[in-house]
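Here's the structure we're looking at; comments come further down.
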Amino acid sequence: MKVDLIISADDIKREKVVDKSVVVIDMLRATSVIVTAINNGCNKVIPVVSIEEALNIVNKAKERHILGGERKALKIEGFDCSNSPLEYTCEMVKDKVIVITTSNGTRAIKGSEGARNILIGALINAKAVAEKLIELNNDIVLVNAGTYGEFSIDDFLCSGYIIECLIKNLDVELTDIAKTAHYLYKANPNLEFIENASHFKRIKELNLEEDLIYCCKKDIIDIVPEYADEVIL
Ligand code: 3SL
Ligand code: MG
């Protein structure tokens, strides 16, 4: 099994993901939100790229949907939730449909269409993601959402941890970039290097430390959401 890595939503090429098992990783914070919402009992999550698409879906829907997401890390005007995973509690999401648009994460999910499987990964469900990948038994691409088209340390470290979980159980062939993600994780098993990530600093400046603490917890959730046919279940 081969493991490759793409560094940002802007770097996804169809030929790199087609027929592969893709894991989309935006640990700060979109994929942490999605994993949390599904774990807390929401029916499904519909990821979209633009605010207009999100509003169209919600306006046409018969039952009430929850609108979530961010722009520049802040809640979008008129939306129900921001992009803080801590807002997606059972009380808020149980049996609901969430329509979400974020700057990088939902773009990375949509950009991965064409892959055989599109799993939603974060540190909070990393080990479960690795187990699912082993079960699927396809070549793997870890799609890092990155930050506004740029490489992002947070998603890269999270990828390194998923690789660590994989190689404990399986012989894998890593590309150079996948080896580098794993090397960085091995040098930072407590994730201390993540504090250098520009997006980590941005979230900290917004006084969202609780989000950072939550998103940096490993393996607190053992479900793996999957995107197919425009929805995440
Ligand atoms: O990039 C994204 O999709 C968001 O997760 C970014 S933020 O952490 O909510 O600012
Ligand atoms: Mg991010």
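Here Arg107 fulfils each of the conditions (1) touching a strand residue (DSSP E or B) at 6+ places or on another chain (Cβ under 7 Å); (2) within 27 Å of Leu5 (Cα to Cα); (3) among the basic types (Lys, Arg) apart from (1).
Considering only residues of the stretch 158-168 that are in contact (Cβ under 8 Å) with a residue 40 or more places away in the chain and either of a type in the set (A, V, I, L, M, F, W, C) or within 11 Å of ligand 1 (Cβ to nearest atom) (or both), which is surrounded by the most Cβ atoms within 10 Å (Cβ to Cβ)? Looking at the filtered set, the residue picked out is Cys158. Checking each residue in the stretch 65-92 for being more than 10 Å from ligand 1 (Cβ to nearest atom), open to solvent by 10 Å² or more (accessible area, probe 1.4 Å) and among the hydroxyl-bearing types (Ser, Thr, Tyr) picks out only Thr89. No other residue among Ala187, Ala178, Ala228 is over 18 Å from the mean Cα position of the chain (by Cα) and away from ligand 1 (no atom under 16 Å from the Cβ) apart from Ala187.
The set of residues from the stretch 131-164 being away from ligand 2 (no atom under 16 Å from the Cβ) and of a type in the set (Val, Ile, Thr) comprises Ile134, Ile140, Val141, Ile163. Name the residue, out of Lys96, Lys62, Lys110, Lys132, that is touching a residue at least 60 places away in the same chain (Cβ under 8 Å) and away from ligand 1 (no atom under 16 Å from the Cβ). When all the criteria are applied, what remains is Lys132. Test Leu74 against the stated conditions and say whether it is at pLDDT 95 or above and within 16 Å of ligand 2 (Cβ to nearest atom). Here the answer is yes, as Leu74 does meet what is asked. When the stretch 179-197 is limited to residues that are under 22 Å from Leu208 (Cβ atoms) and of a type outside the set (Phe, Trp, Tyr), the one that is surrounded by the most Cβ atoms within 10 Å (Cβ to Cβ) turns out to be Ile194.
Residues checked against (1) within 25 Å of Glu135 (Cα to Cα); (2) in contact with a strand residue (DSSP E or B) (Cβ under 9 Å, 6 or more places away or on another chain):
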position	(1), (2)
Val17	yes, yes
Met27	yes, yes
Ile38	yes, yes
Gly41	yes, no
Lys44	yes, yes
Val49	no, yes
Glu63	no, yes
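Taking (1) of a type in the set (D, E, K, R); (2) farther than 26 Å from Lys16 by Cβ; (3) in contact with a Cys (Cβ under 9 Å, 6 or more places away or on another chain); (4) part of a helix (DSSP H, G or I) in turn, Asp95 satisfies each apart from (4). Kindly indicate whether Asp4 is in contact with a Leu (Cβ under 8 Å, 6 or more places away or on another chain), surrounded by fewer than 24 Cβ atoms within 10 Å (Cβ to Cβ) and not aliphatic (A, V, I, L, M). In short, yes.
Out of Asp176, Asp171, Asp154, Asp211, report the one residue that is in contact (Cβ under 8 Å) with a residue 40 or more places away in the chain and surrounded by fewer than 16 Cβ atoms within 10 Å (Cβ to Cβ). Steps first, answer last, please.
On the way: Asp176 fails: in contact (Cβ under 8 Å) with a residue 40 or more places away in the chain; Asp154 fails: surrounded by fewer than 16 Cβ atoms within 10 Å (Cβ to Cβ); Asp211 fails: surrounded by fewer than 16 Cβ atoms within 10 Å (Cβ to Cβ).
Of the residues listed, the single one that is in contact (Cβ under 8 Å) with a residue 40 or more places away in the chain and surrounded by fewer than 16 Cβ atoms within 10 Å (Cβ to Cβ) is Asp171.
Screening the stretch 116-151 for residues that are of a type in the set (S, T, N, Q) and on the phi < 0 side of the Ramachandran plot and picking the one that is surrounded by the fewest Cβ atoms within 10 Å (Cβ to Cβ) gives Asn138. Residues of the stretch 145-181 that are assigned to a helix (DSSP H, G or I) and polar (S, T, N, Q): Ser159, Thr180. Of the set (1) of a type in the set (S, T, N, Q); (2) under 27 Å from Arg14 (Cα atoms); (3) open to solvent by 70 Å² or more (accessible area, probe 1.4 Å), all apply to Asn59 but (2).
The values are calculated or read from the model by the stated rules, or taken from the named source; none is laboratory data. Source: prediction; values computed, not measured. Cβ: placed from backbone, ideal geometry, glycine included. Neighbour counts: every protein chain shown. These area figures cover heavy atoms from the full protein model, side chains too; ligands, DNA and RNA do not enter into them. Shrake-Rupley method; radii C 1.70, N 1.55, O 1.52, S 1.80 Å.
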